[in-house]
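Heads up: the structure comes next, in structure tokens.
The values are calculated or read from the model by the stated rules, or taken from the named source; none is laboratory data. Quick caveat, the model's predicted, so the values are computed rather than measured. Because the Cβ atoms are built from the backbone with ideal geometry, glycine has one as well, and the counts that use them run over all protein chains shown. The accessibility values were calculated without ligands, DNA or RNA, using every heavy atom of the protein model including side chains. Shrake-Rupley method; radii C 1.70, N 1.55, O 1.52, S 1.80 Å.
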Amino acid sequence: MRCRAALAAALLTLTAGCASGPALEDRGQVTAPPGDSKNLVVGSAGFTESDLLAQMYALLLKKAGYGTRILSVANRELYEPALESGQIDVVPEYAATFADWLNAKKNGADARPVGSPDLGTTLRALRRLAAPRGLTVLDPGKAVDQNAFAVSASYAVRHRLRTLSDLGTSRLKVRLAAGDECVRRPYCAPGLKKVYGIDIAGIDPKGVGTTQAKKAVQSGQDQMVLTTSTDATLDDFGLVLLKDDKHLQNADYIVPVVNRSQAGSEGVAAALGRLNSVLTTADLASMNEQVDSWRRLPQDVARTYLEDKGLL
């Protein structure tokens with residue numbers, strides 16, 4: 001924890017050290033030509049899945065002849081400007097979430113979201129926002145980490161639930177374990193009501209996919225929990241996901257985002273693109289479980305996965 005805090009502090013110092021040059025907003029308006037630095041910094045957002053992806057990116061780039069190191073910064077407000085400025089060269093991101101984040105950065109917090117359930121639409125919006133900032137969004141693969149909703153397996157059996165539409169049709173009152181923001185976020189309580197007709201009787205503010213939230217559903221205190229599609233611990237709590245059959249959730253496919261002037265080359269794109277043909281949502285869930293439940297190190301899990309897939 002101290003090490004990670006030191007890294008974040010160092011990044012803050014680096015960012016502050018750029019203050020004598022152009023402002024971040026001004027600097028981002030110039031799109032640099034593609035670069036091919038042979039020593040690249042891979043960023044991680046500091047949670048398990050991001051750590052795993054960063055480790056895989058670093059290993060694939062190293063195999064392709066690049067020197068790499070990983071910098072863990074648990075705050076997009078820090079690592080995105082660092083990506084623009086070239087202090088970080090590559091970072092794993094989530095298409096719809098990053099598109100909406102960049103849109104809010106450009107147009108204000110109240111800007112209409114540009115992410116959508118359609119991947120093509122989301123990518124076009126994301127690339128349009130990223131390019132003026134000197135960022136290139138590489139191609140996504142098959143893996144997606146979306147918000148998802150789970151109920152207890154016994155509850156699903158008792159009420160014959162497989163999809164969120166089933167839950168809406170059931171007319172059951174549902175207390176939802178989630179974050180505070182679920183009350184206003186369109187993908188959460190408002191979307192569940194509008195798209196599926198689910199009767200959300202209340203929000204239990206226990207966080208997104210936390211152990212406390214899952215236990216509340218397991219015990220029957222709550223009926224549903226907001227988690228993610230790569231949550232591999234649901235079985236431990238006797239929970240099952242309900243299918244988002246009307247596509248309420250946005251297309252949060254995993255995409256590498258690179259600093260164009262440092263890592264915009266075909267070599268980087270080809271190295272990272274090798275992951276696209278193999279990595280699935282289920283693979284990510286399995287790797288998350290190995291780190292979070294089995295206490296394996298992210299670098300060991302990442303290497304084993306790539307070796308098993310013949311990529312190393």
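Pop a pseudo-label 7 angstrom from the Cα along the beta-carbon direction at both residue 303 and residue 139 and give the gap in nm to one decimal. About 2.9 nm, to one decimal. In summary, no lysines lie within cross-link reach of residue 106, defined as a Cα separation below 27 angstrom excluding same-chain residues under 8 places away.
Hey, got the dipole for the chain? About the Cα centre, +1 on K and R Cβ, -1 on D and E Cβ, debye to the nearest 20? Please report the intermediate quantities before stating the final value.
Details: 37 positive and 34 negative charges, 70 e Å.
Charge dipole, the chain, about its Cα centre: 340 debye, nearest 20.
Straight-line cross-link reach from residue 246 at under 20 Å between alpha-carbon atoms covers these aspartates and glutamates, not counting any fewer than eight positions away in the same chain: 118, 145, 166, 199. Among 105-112, 182-189, 153-160, the peptide with the highest mean count of other Cβ atoms within 10 Å heads the list, and the full ranking is 182-189, 153-160, 105-112.
Over 18 Å apart at the Cα level, from the set 63/309; 63/142; 38/62; 243/309; 193/243, are 63/142; 243/309. The mean sequence distance of close C-alpha pairs (under 8 Å, at least 6 residues apart), as a share of the length of the chain, puts its relative contact order at 26 percent.
Estimate the FRET efficiency between residue 109 and residue 280 by the formula 1/(1 + (r/R0)^6), using the beta-carbon distance for r and 41 Å for R0, to the nearest 0.05. Step by step, r from the Cβ atoms, then E = 0.75.
Classified by the C-alpha gyration tensor, segment 53-195 has a prolate form. Its axis ratio a/c, with a ≥ b ≥ c, is 1.5 or above, and a/b is larger than b/c. Considering only the other residues whose Cβ falls under 10 Å of the Cβ of residue 267, what net charge follows from Lys and Arg at +1 and Asp and Glu at -1? Net charge around residue 267: -1. Under the simplified labelling scheme, the residue 63-residue 245 pair shows an inter-label distance of 4.0 nm, with each label point 7 Å from Cα along Cα→Cβ. Working ranking of peptides 135-145, 68-78 by packing, defined as the average number of other Cβ atoms within 10 Å per residue, highest first, is 135-145, 68-78. Here the accessible area is traced with a 1.4 Å probe on the protein chains. For the chain, carbon and sulfur cover 52 percent of it. When the scattering of segment 201-312 is computed by the Debye formula from its Cα atoms alone, each counted once and equally, what is log10 I(q)/I(0) at q = 0.11, 0.14 Å⁻¹? For segment 201-312, the Cα-only Debye profile gives -0.52, -0.77.
If you wrap the chain in the convex hull of its Cα atoms and look at it from every side, the mean projected area works out to 16.0 nm².
Helix 2-17 and the longest principal axis of the C-alpha atoms of the chain enclose an angle of approximately 50°.
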